[in-house]
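Notes follow the structure.
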Amino acid sequence: MAADGAPIAVIQTQRMGDLILTYPLLLWLARRYPGHPVTVVAEPGFAAPLSPISPPVAYLPLSRGGELTGREHLAVINLSIRPEAAALAGAIAAARRLGPFTDAGGAVRVAGDWQLYRASVVHNNRHNRFHWAELNALDMIPLAEMAATRWAAPRQGGAGRRRVGVFVGASEHDKRPSRLFWAGLVRELARRGLVPVLLGGPGEVALGAEVARLSGLAVANLCGRLGLRELAVFGQELALLVTPDTGPMHLAAWTGLKTLNISVGPVNAYETGPYQPGHVVLRPRMSCRGCWGCIRSEPFCRQRLDPARVAYAAARLARGEGARLAGAAIPGYELFETGRDALGLYALHRLGAEPACDAREAVGRLWRAVFGWLFGVCDDAPARAAMAALRRDQPRLAGVLGRGLAGLGARLSRDARRGQVPDVRFAAAFAPCLRPLAGFFERVVQNADGERTARLRCLEHLERLAGLFSQA
């Protein structure tokens, strides 16, 4: 048992955006576990320059993580996928362990329902509706405490703020619009009386110069000229940041700069959109939106971006006129504002009329409510309501789901009799509407090497869900 005042270790050695999405967890840990110091193992290239805006914790590079193994911890929470991080998580003595860790036998296990769920959506996130910032915390922080957090609204633009940041880079090429789009957006913003400023890291110096050249304007180009700390400070002078899904987008949202997130490529806005309420997300109206990785020859979700229409939305936001976007039409795309749902979880609220029939969103809402119920963060009322809505609005899809539940139970029973542990093809054998549950079961059984208790747990979940389905 960890002593009073025992420390907490959080391991987050991924990208800059992942570190910033850990900040809410750090705030919640400080509130729920006062007197327990928190150390975050992170990349020093991100941790050091961002420390002035970080919650007050100690930072340590992974190379010095061994210094944490000499003391009993209240908890170790590993949010990284690196093998070295799992090894460290397994080596730290802790009363509670969450996320991937290497056990005494050298195998990597995942501890925590929500961390297992998060692992299950890798390449299986079509219907995931949980944000990474919340999945970081749900195993450790009660949902009621998370929902009670009140985030300051992003700063509103107005007549005194005309500069709009245009961040042209992203960690993956497919996440960012084309240079021709950026150049057209710069021209359209300038035509509307705004002052566009090109932003990007060292890797975007050439891209920024090309966008400036293609725009035909004497546009300010700060690509490669601002470090993270300087970027955070400079953002306080902007009316808006137009950006793909990238670390600086999360930096902007955390520091109160309103963002227009162009969510294209292999990203799911429900998972990694701006976490604080009041930001705007533009995403494609395509069935493959929010993918884990594009399987096409190129990401077609970027092709129809219209600089003029995006500039219209950006100008409204930069002038503090976001309320007038309710009727905005961007062919092939849709606009959302970030917010919270009735449970207090991250949500995207559509700006404009809701489509009469959006099967994908209905299934996503169902699984969010179901996993919340199965993992004990809410009662079954939201799941019953979502199931009833699915059966009312999508009867054929509800039928597929009902038959799929029976097939999933049969497959689990057959594998148990044969002593088979599911491989990565298990979930893919089921209809997409059932893969969230099948993928989670796949991970649960794999994580326990096929032990009977893990299989029984899956069957118990399935029985509860079948009962819910039959009564909806």
**Item:** Ranked packing of 130-137, 211-218, most packed first, by mean Cβ within 10 Å
**Value:** 130-137, 211-218
**Fill in**
Once Lys and Arg are counted +1 and Asp and Glu -1 for all other residues with Cβ under 10 Å from that of residue 136, the total becomes -2
**Request:** May I ask what percent, to the nearest 5, of DSSP beta bridges between residues of the chain are antiparallel?
**Result:** 35
**Prompt:** Per-residue HN-Hα couplings for segment 33-45, Karplus 6.51 cos²θ - 1.76 cosθ + 1.60 at θ = phi - 60°, whole Hz, x for Gly and Pro?
**Reply:** 10, x, x, 10, x, 10, 10, 10, 8, 8, 5, x, x
**Kirkwood Rh (inverse of mean 1/r, distinct Cα pairs), segment 288-328, angstrom** = 12.3
**Fill in**
With a ≥ b ≥ c from the Cα gyration tensor eigenvalues, square-rooted, and the rule rounded for a/c under 1.5, otherwise prolate when a/b > b/c and oblate otherwise, segment 381-471 is prolate
**Asked** Could you give the dipole magnitude of the chain about its Cα centre, charging the beta-carbon of Lys and Arg +1 and that of Asp and Glu -1, in debye to the nearest 20?
**Response** 1220
**Asked** In sequence order, what are the phi-derived ³J(HN,Hα) couplings for segment 295-305 according to the Karplus relation 6.51 cos²θ - 1.76 cosθ + 1.60 with θ = phi - 60°, rounded to whole Hz, with x for glycine and proline?
**Response** 9, 8, 5, 7, x, 5, 5, 8, 6, 9, 4
**Message:** Taking the number of other C-beta atoms within 10 Å as the exposure measure, put 188, 334 in order starting with the fewest.
**Reply:** 334, 188
**Request:** Name all residues of segment 399-420 having a backbone nitrogen under 14 Å from the label point set 7 Å from the Cα of residue 123 along its Cα→Cβ direction, giving them as ranges.
**Result:** none
**Message:** Order these by the 10 Å Cβ neighbour count, fewest first: 258, 175.
**Reply:** 175, 258
**Prompt:** Using unit Cβ charges (K, R positive; D, E negative) and no other charged atoms, how large, in debye to the nearest 20, is the dipole of segment 8-111 about its Cα centre?
**Reply:** 240
**Asked** In whole Å, what is the distance between the alpha-carbon centres of segment 309-361 and segment 113-134?
**Response** 23
**Prompt:** Among 364-372, 422-430, 83-91, what's the highest-first ranking by average C-beta atoms within 10 angstrom per residue?
**Reply:** 364-372, 83-91, 422-430
**Message:** I'd like the distance separating the alpha-carbon centroids of segment 428-472 and segment 204-252, in whole Å.
**Reply:** 45
**Request:** Would you please give the FRET efficiency between residue 151 and residue 32, computed as 1/(1 + (r/R0)^6) with r the Cβ-Cβ distance and R0 = 22 Å, to the nearest 0.05?
**Result:** 0.80
**Fill in**
Under 5 Å from the placed amide H of residue 163, counting only residues 5+ away or on other chains, we find 195, 239
**MRE, 222 nm, helices only [DSSP H, n ≥ 4, -39500 (n - 2.57), over the chain, to nearest 500]** = -12000 deg cm²/dmol
**Asked** Given that compact globular proteins tend to follow 2.2 N^0.38 Å, what is the ratio of the alpha-carbon Rg of segment 8-111 to that value?
**Response** 0.99
**Asked** Can you put 127, 173, 349 in order, fewest other beta carbons within 10 Å first?
**Response** 173, 349, 127
**Message:** At a threshold of 8 angstrom on Cα-Cα distance, excluding pairs fewer than six apart, so keeping six or more, what relative contact order does the chain reach in percent?
**Reply:** 13
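Bear in mind these aren't lab numbers, they're just calculated from the coordinates by the rules spelled out. Everything quoted here is computed from the prediction, not taken from an experiment. Cβ coordinates were reconstructed from backbone atoms using ideal geometry, including for glycine residues, and neighbour counts include every protein chain displayed.
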